[in-house]
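Here's the structure we're looking at; comments come further down.
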Amino acid sequence: MSRTRSRVIGAGSIVAGAGLWELASRLLFDPLFLPPPSAVWGRFLELLADGSLLGDMAASGQAYGLGLLVAVVVGVLAGVAMAASTVVRDILDPWVSALNATPTIALAPLFILLLGLGIESKVAICAIVMLFPILLNTYYGFSTTDQQLVEVARAYAATRWQTYVKIKLPMALPSLIAGLRLAAAHGLVGVVVSELFGARAGIGLLIQSSAETFDTRALFVGITLLGIVGVAVTYALIAVERRVGRWRVAQQEGG
Amino acid sequence: MSRTRSRVIGAGSIVAGAGLWELASRLLFDPLFLPPPSAVWGRFLELLADGSLLGDMAASGQAYGLGLLVAVVVGVLAGVAMAASTVVRDILDPWVSALNATPTIALAPLFILLLGLGIESKVAICAIVMLFPILLNTYYGFSTTDQQLVEVARAYAATRWQTYVKIKLPMALPSLIAGLRLAAAHGLVGVVVSELFGARAGIGLLIQSSAETFDTRALFVGITLLGIVGVAVTYALIAVERRVGRWRVAQQEGG
Amino acid sequence: DPDDNVVTMTIAAPTVTDFDDYVAKAKGFYDARGVTVRRVQTGTAAQSVQLLATGEAEIGRGLANAIQARVRTSGQLDFVNVADPTVRPPYVMTSKGIRDFAALTGTSLGITSVTDQGTIVTMQMLQRRGVDPDGVQLLPTGGTASRLAAMNAGGIASTLLLPPVSFTAEQQGAVRMGYLPELLGEGYQFSFTGIVVRESWAKANRDRLVRYLAARDDALRWLNDPANAAEATAILARETKISPEKARQTYELLFRSTVDAFAPRIGVSLPAGEGVLSGLRLAGLLHDKDSRIEEFVDDSYAAGAREVTG
Amino acid sequence: MPELRIDRLSKTFQRTEALREVSLDVADGQFVSFVGASGCGKSTLLRLVDGLIPASEGSVLLGGSPVTGPGNDRAMVFQEDRLLPWRTIERNVVLGLEFQGQSKRDSLARARELLQLTGIGKFGSAYPHELSGGMRQRANIARALAVDPDVLLMDEPFAALDGQTRELMQAELVRIWQDSRKTVLFVTHQVDEAVYLSDRIVVLTARPGRVKADIEVALPRPRTLATKRSAEFAGYVERVWSLIEEEVRESMEREMRDA
Amino acid sequence: MPELRIDRLSKTFQRTEALREVSLDVADGQFVSFVGASGCGKSTLLRLVDGLIPASEGSVLLGGSPVTGPGNDRAMVFQEDRLLPWRTIERNVVLGLEFQGQSKRDSLARARELLQLTGIGKFGSAYPHELSGGMRQRANIARALAVDPDVLLMDEPFAALDGQTRELMQAELVRIWQDSRKTVLFVTHQVDEAVYLSDRIVVLTARPGRVKADIEVALPRPRTLATKRSAEFAGYVERVWSLIEEEVRESMEREMRDA
Ligand SMILES: Nc1ncnc2c1ncn2[C@@H]1O[C@H](COP(=O)(O)OP(=O)(O)OP(=O)(O)O)[C@@H](O)[C@H]1O
Ligand SMILES: Nc1ncnc2c1ncn2[C@@H]1O[C@H](COP(=O)(O)OP(=O)(O)OP(=O)(O)O)[C@@H](O)[C@H]1O
Ligand SMILES: [Mg+2]
Ligand SMILES: [Mg+2]
């Protein structure tokens, strides 16, 4: 009952918030700076109709996806290597720790300088901001694997590869997905910021060029889209996290 | 012994990495795009000498500090309110959850339009990217306080204020500091990105204008400084976290 | 080798700034001089010189950015200015609701970006008109078309616009506060579309560059000939996709009023370079006091071109 | 010190009637134990007296004036020690005084005194997790004594301790009580504990709790460990046990009938 | 099936000498238990036989050929069940076959067979955490049987179970062993368990482990719960116990002397 009540209040809050915003921007504020939701919706339909929005979404999505791919491949390989070998770990650790604490997004201008305004620089920026959460969580995941289960694999004459794929990977998976969740959020920032600087298409470009022309309705279209994508990605990965980590929780409760 | 070995390898890795980088950029790469560490150091001294670096650091530091202040004040108040009242929680929750998953850095162009290129827009951007980690961790911290200890306070006739300050705050503190750590990292991204777009001074501007004028040595000075600040802030807050959370760990171990 | 005839040059969004290039293309001057021109569009001058640095283009523009890059890289990026087709930036100062410069204080003025050379010129203009640049909020609102949109939306009170967009602005109710060359004062020059190349490339490809500049010299001479007014107007209208009426207005402004945007012949203008240098210093973008404009310009190629064209 | 009067006290939670018309007069300095089946309302009674929850009917009067909320004339000793883990023992003991706004110096002096009294004088600057369960419970008592209450409310304070520590703590509690001469309301499940400690034992009925029996424990003081082995002692234990058993049996029968 | 020969096997870890010159011939299908003080090297011996760790001296020969690493002619049943928590019971049982690259269909069929044999046929698609400790240990045994090893190595497999489940599992193990006729090396701390299950009990000395005694258990099979109450059974238990006790006493004396 109380849960239903919370949901009702939550839904009411969103509706009321949107209503208040609509009113405020019609009556109090300059709609130039705070356009009402209805105007944002109208602009959304326009941008959808002229096809530019889909183009922007495709461009951003492509850079994001490729960046994620690079980050996953490099991050997982490096993370596994760090977990597997203390020498590799000792060598990489100072760099990884330092770079993880650095706002690597600041490398964006350098990448644009090196790689130009095309998709390459966007992919590079997305990849670098997503890399460290994935790398570190892979490393944590694989270095805290249950040695007893690894010994089971050895006892049953598993090859190294089988041990990794059938024993270590499933154990590390929840940590990997947690890393992915962090990375997904970082990556959104990465793709937007890289496009803000200069791009031929993309949600970041939409936001930036809308800002330049004071088309704040389009700017809010971009930001709202980002929010929706952010929420969707976050909750999807939380769901995966729960699913994949279910046996962990069950294990803690059950035995 | 093994720990000493790790440290030696780690230190060696940094020295070797820097050495390799120096060699590579002297022999293999165009030092224009990848300047050697020695050149970066030289440029650092120059920028230090002409005073511009200190100015940039001051500008960024000021925006960062003020943004942090705003985020802490708003975030802690809202977090406490959400923990204290289910109605407030139900009302704020959908907004906070959604905005937390949104890359709010994308609001940077809007803030620059609204507030100009001065410190106001930087502070606003820093504040908004730091707000949600602080708010959510405050909320978590205060909503998981041990009710038994809160009852102790009531039994000893504590005022509401005393209960908050002497009982709930100490219990919530480790969570708050964890939030602060996240926020600190977000804030660095915020201040740099906001300056990349346009500013009168700041490390972000240094990076951006260096990139535009191909002064990659200065660009690396900026990025390295950010890295150092990032590492320092992260480790400082980890240390505080350990110190503040010590009794928790002790409690788990001891009883 | 047919590649010996190819040059890649950067162009901006279609505005009047590339007028002589349009003419060279339309009238076949490039072909006549044996050069094939490829074009890459870039948003800002900063991006234009960036393409030169990475070798994606050979001929770029933007002396302000070139100077900064050359100074900051201690000459490693050996940018050099080889010609100044447009010596007096044909900007129109426009505003919505503001009529005199004193009233600009406290309002916002749109610029392309903080480090853009348009910004440098804007600051010089404000200073010469007795307005403290720090008292005006400079907002980065993008290129010419973006700036007009921003002004129409109400986000900025004034901005510099290039024709023909400036005429559109006036149609939409904006006030013309003056032409930049006039506002800056008699005799003031500023290398606005300064042609920039890598010195090393230029030395290695002297002949090709000279022929390229010769074609542009042909174009400038043709453009400055009042007899070609009608045809030039038509070319402009076609290339920038504007109405014949606006093209006519633009031509009037550039060649019949006092603006004198285009140089009569191809060549390096030292005063235009000085304008850039002093602007950079005013904007705090160039710290060393010793640099002289001669370090950044080389008239020998344009001189060669003038010899060819006679 | 004032007399404590519990007057037709009833408490009903949403659906549960926990206590029904409990009346009781407790003389100043008396040690009263409450025993009864689990869930019969013993903790509820103590919480009502402490003012942590409001009564549904009836009232609690201390020195003639009604209790409306927690106050420093009463102090609760909880079953779990509930010490603040981030504070030293000393600073835990001063908690009540701190809430009253007393001066730091005086409070600390008083805390040290009480730590002496409760036998953990050396551990003032230790943290709770560094102490054994018995020591923590001493600190818990010291904290309650620190506010110098008229009535000490103790809700199964030794339940979490092992047998030996428990015996020790019982003896200590008697000593402390005799030193400080507080009125004590004590809840326990151990009947021998109740007999050993109390002047008087109140047996409550199964839920809703009412007073089933009110037994004067006429064992002479000081009581020693030998007292526990006396026939008289065994008699009291026997008697209280049979009352509780009777009650449990009856209530089970009642439930069978209702179901 | 081949005979198992343990030949002057010694194992020294960095500083610890765990086993010294243990020699033993185990006939095909024999059930041998190892008992001895904690830390005497029982687990080490099993791990050496399984090939999980290399010997320092001596060798293990199975059917004449030396053991150099883990192989599917031997299978270990660990004390903790060590099932993969993210796999169903069925998919846990096929693990060894999967590592061998056997076809999925055949493996599953075999797994179901073994789950029947071990008495948890209904729980193939359950997850480990949904099963009781005894059921998990059955799955653990099924997993070992699945690879059809010649030798089953069991390291205190029932230590984590409660008394009753343990008795049940002992009876089950005997049944399964009689069905499958594997050679079994069994480590336990419970002497009665060893006597009840084994053909032969090897008592090890305190560290470094050597063979102290090698006792044939001549109790007739099938053994029932009644066997456990026979005087003969008690005699074996007594005898093994006194050997262990003697060893513990001696080793303590030795240590006292050394210290
Ligand atoms: N806050 C509450 N809300 C609802 N019901 C409550 C509350 N507190 C106690 N109760 C109910 O009141 C009854 C009496 O509870 P109380 O804790 O006083 O019993 P008790 O005698 O202390 O039991 P025990 O010996 O187990 O500690 C129980 O049925 C309990 O569930
Ligand atoms: N990997 C290892 N590294 C170092 N020492 C080890 C290792 N494994 C076992 N030991 C040591 O070897 C000795 C024998 O160990 P083992 O585990 O075989 O004893 P156990 O008889 O199985 O004891 P328990 O009955 O307690 O299981 C012990 O002293 C142990 O500490
Ligand atoms: Mg109770
Ligand atoms: Mg063992």
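The values are calculated or read from the model by the stated rules, or taken from the named source; none is laboratory data. In this text, all values refer to a predicted model and were calculated from it rather than measured experimentally. Positions of Cβ are generated from backbone atoms using ideal geometry, with glycine treated the same way; all protein chains shown enter the neighbour counts. SASA here: full protein model, heavy atoms, side chains in, ligands and nucleic acids out. Shrake-Rupley method; radii C 1.70, N 1.55, O 1.52, S 1.80 Å.
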### Task
Hey, can you grab everything whose amide H is under 5 Å from the amide H of D:GLY209? Only 5+ residues off in sequence or another chain; H modelled, so Pro and N-termini drop out.
D:LEU19, D:ARG20
### Message
Give the lysines whose C-alpha is closer than 16 Å to that of A:LYS166, dropping any in the same chain fewer than 8 places away, or say none.
### Response
E:LYS104
### Candidates A:SER194, A:SER210, A:SER85: whichever shows maximal mean-square fluctuation once chain A is modelled as a Gaussian network with Cα springs under 10 Å
A:SER85
### Summary
On complex formation of A with E, accessible surface lost, both sides summed, probe 1.4 Å, nearest 100 Å², amounts to 2100 Å²
### Query
Ignoring ligands, DNA and RNA, how do C:THR17, A:THR224 rank by accessible area with a 1.4 Å probe, largest first?
A:THR224, C:THR17
### Task
Point me to the residue of chain D whose C-beta lies closest to the D-onto-E rotation axis, rounding the distance to whole angstrom.
D:ASP162, 12
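Can you pull the mean other chain C-beta count within 10 Å for peptide B:30-38? Don't skip to the answer; put the middle values down first.
Numbers: counts 4, 2, 6, 5, 2, 1, 0, 0, 0.
Mean partner-chain Cβ count within 10 Å for B:30-38: 2.
How large, in percent, is the carbon and sulfur part of the accessible surface of chain C at a probe radius of 1.4 Å?
Values: 5420 of 11120 Å².
On chain C, the fraction of accessible area on carbon and sulfur atoms equals 49 percent.
At a threshold of 8 angstrom on Cα-Cα distance, excluding pairs fewer than six apart, so keeping six or more, what relative contact order does chain D reach in percent?
Details: 483 pairs, mean separation 64.5, N = 259.
Normalised by residue count, the contact order of chain D is 25 percent.
Restrict the search to the stretch C:206-310; then list the trypsin sites (Lys or Arg not before Pro) that DSSP places in a loop and that have at most 12 other Cβ atoms within 10 Å of their Cβ.
Details: sites: C:ARG206, C:ARG208, C:ARG211, C:ARG216, C:ARG221, C:ARG238, C:LYS241, C:LYS246, C:ARG248, C:ARG256, C:ARG265, C:ARG281, C:LYS289, C:ARG292, C:ARG306; in loops: C:LYS241, C:ARG256, C:ARG265, C:LYS289, C:ARG292.
Filter output for the stretch C:206-310: C:LYS241, C:ARG256, C:LYS289, C:ARG292.
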### Anchor E:LYS228: lysines whose Cα lies under 24 Å away (excluding residues fewer than 8 positions away in-chain)
E:LYS182
### Message
Leaving out ligands, DNA and RNA, and with a 1.4 Å probe, what % of the accessible surface on the stretch A:51-254 is carbon or sulfur?
### Response
67 percent
### Task
Skip the ligands, DNA and RNA, and give the accessible area per residue of the stretch D:81-148 with a 1.4 Å probe, whole Å².
41 Å²
### Query
To the nearest 500 deg cm²/dmol, what mean residue ellipticity at 222 nm is calculated for chain D from DSSP H runs of n ≥ 4 alone, each contributing -39,500 (n - 2.57), summed and divided by the residues?
-12500 deg cm²/dmol
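Could you work out, residue by residue across D:96-103, how many beta carbons of other chains sit within 10 Å of that residue's beta carbon, and then give the average as an integer? Don't skip to the answer; put the middle values down first.
Values: counts 6, 1, 4, 8, 4, 2, 0, 0.
Counting Cβ atoms of other protein chains within 10 Å of each residue's Cβ and averaging gives 3.
Antiparallel versus total DSSP beta bridges in chain E: what percent is that, nearest 5? Spell out each step's value before the answer.
Values: 18 of 36 bridges.
Around 50 percent antiparallel, to the nearest 5.
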### Query
What shape does the stretch D:81-148 take by its C-alpha gyration tensor, where a ≥ b ≥ c are the square roots of the eigenvalues and a/c under 1.5 counts as rounded, a/b above b/c as prolate, and the rest as oblate?
prolate
### Query
List the chymotrypsin sites (Phe, Trp or Tyr not before Pro) in the stretch A:13-42 that DSSP assigns to loop (not H, G, I, E or B) and whose Cβ has at most 16 other Cβ atoms within 10 Å. Which are they?
A:PHE29, A:PHE33
### Interface residues, the stretch B:205-243 - accessible area loss of 50 Å² or more versus chain alone, probe 1.4 Å
B:GLU212, B:THR213, B:PHE214, B:ILE223
### Query
How much solvent-accessible surface does E:GLU253 expose, in Å² to the nearest 10, with a 1.4 Å probe and all protein chains in place?
100 Å²
### Message
Using the Karplus curve 6.51 cos²θ - 1.76 cosθ + 1.60 with θ = phi - 60°, what ³J(HN,Hα) values do you get for each residue of the stretch A:191-201, in whole Hz, with x for Gly and Pro?
### Response
5, 5, 5, 4, 7, 4, 6, x, 6, 9, 7
### Query
For the residue pair C:ASP207 and E:ALA231, what label-to-label distance in nm results when each label sits 7 Å from Cα along the Cα-to-beta-carbon direction?
12.4 nm
### Query
Which of the chymotrypsin sites (Phe, Trp or Tyr not before Pro) found in the stretch E:1-34 are in a DSSP loop and have at most 13 neighbouring Cβ atoms, other than their own, within 10 Å?
E:PHE13
#### Entry: Protein accessible surface hidden between B and A, which excludes ligands and nucleic acids, total in Å², probe 1.4 Å
4000 Å²
### Query
Using 7 Å Cα-to-Cβ label points, what is the D:GLN100/C:ASP100 separation (nm, one decimal)?
7.7 nm
### Task
Taking a cut-off of 23 Å between Cα atoms, list the lysines near C:LYS27, but don't count ones fewer than 8 places away on the same chain.
C:LYS241, C:LYS246
### Query
When the label point is put 7 Å from the Cα of A:ARG160 along its Cα-to-beta-carbon vector, which residues of the stretch A:70-93 have a backbone N closer than 16 Å?
A:77-89
## Note on the structure
Measure of exposure for C:PHE167: accessible area at 1.4 Å probe, Å² rounded to 10, is 10 Å²
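Around C:MET123, with a cut-off of 13 angstrom between Cβ atoms, what is the net charge of the other residues, counting Lys and Arg +1 and Asp and Glu -1? Each step should come with its number before you reach the end.
Values: positive: B:ARG200, C:ARG128, C:ARG129, C:ARG281; negative: C:ASP116, C:ASP132, C:ASP134.
Here the charged neighbours net out to +1.
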### Summary
Note on the stretch C:112-144: residues buried by at least 40 Å² of accessible area once partner chains are added (vs chain on its own, 1.4 Å probe) come out as C:VAL114, C:THR115, C:GLN137, C:LEU139, C:PRO140
### Query
Once C and B are treated as a pair rather than alone, how much accessible area drops out, both sides summed, in Å² to 100, probe 1.4 Å?
1600 Å²
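Send over a whole-number figure in Å² for the accessible area per residue of chain B, probe 1.4 Å. Working shown, then result.
Working: 11100 Å² over 255 residues.
Accessible area per residue, chain B: 44 Å².
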### Inter-label distance for A:ILE238 and A:PHE33, nm, one decimal - labels placed 7 Å from Cα along Cα-to-Cβ
3.3 nm
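Would you mind working out the accessible area per residue for chain C, using a 1.4 Å probe, and quoting it in Å²?
Values: 11120 Å² over 310 residues.
Dividing the accessible area of chain C by its residue count gives 36 Å².
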### Summary
For B:PRO37, inter-copy label-point distances (7 Å, Cα→Cβ), nm, shortest first, read 5.4
### Query
Of E:ARG82, E:ARG136, E:ARG229, which is the most mobile in a GNM of chain E whose springs link Cα atoms less than 10 angstrom apart?
E:ARG229
### Message
Counting only helical runs of four or more DSSP H residues, what would the 222 nm mean residue ellipticity of chain C come to if each run contributes -39,500 (n - 2.57) and the total is spread over all its residues?
### Response
-13000 deg cm²/dmol
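Could you work out what % of the accessible surface of the stretch D:81-148 is carbon and sulfur, using a 1.4 angstrom probe and leaving DNA, RNA and ligands out of the count?
Details: 1250 of 2770 Å².
The C+S portion of the solvent-accessible surface of the stretch D:81-148 is 45 percent.
When a/c reaches 1.5 or more, the comparison of a/b and b/c decides; with that in mind, is chain C rounded, prolate or oblate per its Cα gyration tensor?
Working: a/c = 1.87, a/b = 1.28, b/c = 1.46.
Taking the square roots of the gyration eigenvalues as a ≥ b ≥ c, chain C is oblate.
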### Task
Take chain D, connect every pair of alpha-carbon atoms lying under 10 Å apart with a spring to form a Gaussian network, then pick out the residue of D:SER180, D:SER103, D:SER198 with the largest mean-square fluctuation.
D:SER103
### Candidate residues B:LEU28, E:LEU219: accessible-area rank, largest first, probe 1.4 Å
B:LEU28, E:LEU219
## Note on the structure
Note to self: C-alpha centroids of the stretch C:162-221 and the stretch A:63-121 sit apart, in Å, by 43 Å
